[in-house]
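K.L.:
Next up is a structure, given as structure tokens.
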Amino acid sequence: MVSSPAERLATDSSDTTDEEPEKSEPPNPTECDSLHSGRQLVHTILPINVDVLFELLFSRSKFLTEFHEVRKTTDMVPGEWKLNKDGLKERVVTLTIAITQTIGPKNAHVTETQVMRKCSLPSQLYAIDVTAVQGGIPYADSFYVTQHYCMSRTVDNHTVFSVHAQVHYRKSIFGFVKGFIEKNTWVGLEDFYTSLLRNLQSEYCIPPAKGKGRRTRRNVHTQNKVLEETITIADTKVKQPIRVPHAAAGVTAQKASSKSHWYRRLVAIMLLILAVVNITLYAKLLQMEDIERVSRLEHSEELDSLLLAKTVRTRNDWLMIFQQQESRYNDEMLEWQRVLSSVTEMLNKASVLCTKLCRIPDNGTTSTGAG
């Protein structure tokens, strides 16, 4: 029996209608509409329900409170989610974080404004933009940090968790200051999210299937057993040859320690001698200054007495006074030469001591290396 064209058209139409649902798939309504720009700090899959993860990180959860207590965060005031003027859910969190740097302030006041994007859908996707403004640190009014949290549900009820961050500047600052700000910001953020993931994985990451969990534990136990046997065999092979080098190393280290102790004592003695020499030189200089001052005073008093007595009347009297001054100057010059020669001799001795002191480390190093 031959079918008519109308029947064939009806049959073709019915077949096409049945296949249309398989060919055309509806768009996924739970895709994040953020560009995910900036540096990616986190991208992992956690065996936690997306709603549970959201409650852990963005509510007054016990997990978040204990996590911040461990990180020595104080004065934490988490706000409630409310609708803002744009119709989006928003909340403000204030806290004081501890800074572990040795230089600068020990804590910083942080105000986080958390906004949930329109694409967020409970049990499917949570996309949250966080703007963090800091205070109490240098250049706090020059920059702020934005973070984007994206938590989306997978087919097996796990959660794809990713975080991106950026540093923004309100005004232009010097290049080295900008580098300092970015370096410390990234170090702090990486440390924060590393600790956060560690706490999540240790307390909340439960294997989704018992069979897989048992198989994993069995494999781990087998690997540990093989590793222990390998270490035991390797230790047995190298156990005997290692003992002698360790003993020799201990003796060598003991010798080096005793030589170092002797060298430190010798250096201390040399420094003490140098200090005594310097003090002696200083006393000699003071003595020279006193002698010169007393001599000048006596000479001036004698000259004044002669002039006041009006005994200087003839040319011979003046010549006699000048001869006396010349002889006195010569005596002073000889005294100066004598003191300077003694000072020079002491300086030469100090130079010899310094030379010997500088040669000691080379000899000590050579003997240690030979030993």
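The values are calculated or read from the model by the stated rules, or taken from the named source; none is laboratory data. Quantities reported herein were computed from a predicted structural model and do not represent experimental measurements. A quick note on method: Cβ atoms are made from the backbone with ideal geometry, for glycine too, and the neighbour counts reach across all protein chains shown. Side chains are part of the model used for accessible areas, which takes the heavy atoms of the whole protein and leaves out ligands, DNA and RNA. Shrake-Rupley method; radii C 1.70, N 1.55, O 1.52, S 1.80 Å.
K.L.:
Among the listed residues Val70, Val92, identify the single one that is among the aliphatic types (A, V, I, L, M) and closer than 19 Å to Ala127 by Cβ. If you could, list the steps in order and put the result at the bottom.
P.N.:
Details: Val70 fails: closer than 19 Å to Ala127 by Cβ.
That would be Val92, the only listed residue that is among the aliphatic types (A, V, I, L, M) and closer than 19 Å to Ala127 by Cβ.
K.L.:
Another one. What is the number of the single condition among (1) part of a loop (DSSP other than H, G, I, E, B); (2) in contact with a strand residue (DSSP E or B) (Cβ under 6 Å, 6 or more places away or on another chain) that Lys118 does not meet?
P.N.:
(2)
K.L.:
I would also like to ask the following. I want to confirm something. Restricting to the range 113-132 and keeping residues that are over 28 Å from Thr154 (Cβ atoms) and surrounded by 16 or more Cβ atoms within 10 Å (Cβ to Cβ), which single residue is farthest from the chain's Cα centre (by Cα)? Give the derivation first.
P.N.:
Filtering the range 113-132 for residues over 28 Å from Thr154 (Cβ atoms) gives 113, 131-132.
From what is left, the residues that are surrounded by 16 or more Cβ atoms within 10 Å (Cβ to Cβ) are 113, 132.
On the way: Thr113: 28, Ala132: 22 Å.
Ranking the qualifying residues of the range 113-132, first place goes to Thr113.
K.L.:
Taking the condition of being open to solvent by less than 50 Å² (accessible area, probe 1.4 Å), assigned to a helix (DSSP H, G or I) and free of Cβ contacts under 8 Å to residues at least 60 places away in the same chain, how many residues in the range 65-112 meet it?
P.N.:
Residues flagged as open to solvent by less than 50 Å² (accessible area, probe 1.4 Å), assigned to a helix (DSSP H, G or I) and free of Cβ contacts under 8 Å to residues at least 60 places away in the same chain within the range 65-112 amount to 1.
K.L.:
Still on this structure, I have one more. Among the numbered criteria (1) over 25 Å from Ile181 (Cβ atoms); (2) under 23 Å from the mean Cα position of the chain (by Cα), which one does Leu46 miss?
P.N.:
Single failed check for Leu46: (2).
K.L.:
Restricting the search to the range 138-170, which residues are of a type outside the set (Lys, Arg) and either open to solvent by 50 Å² or more (accessible area, probe 1.4 Å) or on the phi > 0 side of the Ramachandran plot (or both)?
P.N.:
Passing the criteria: Pro138, Tyr139, Asp141, Tyr144, Val155, Asp156, Asn157, Gln166, His168, Tyr169.
K.L.:
A further question follows. When residues of the range 50-64 are filtered for being surrounded by 16 or more Cβ atoms within 10 Å (Cβ to Cβ) and assigned to a loop (DSSP other than H, G, I, E, B), how many remain?
P.N.:
1
K.L.:
Is it true that some residue in the range 317-325 is modelled with pLDDT of 75 or more, open to solvent by less than 70 Å² (accessible area, probe 1.4 Å) and not hydrophobic (A, V, I, L, M, F, W, C)?
P.N.:
Taking every residue of the range 317-325 in turn, at least one turns out to be modelled with pLDDT of 75 or more, open to solvent by less than 70 Å² (accessible area, probe 1.4 Å) and not hydrophobic (A, V, I, L, M, F, W, C).
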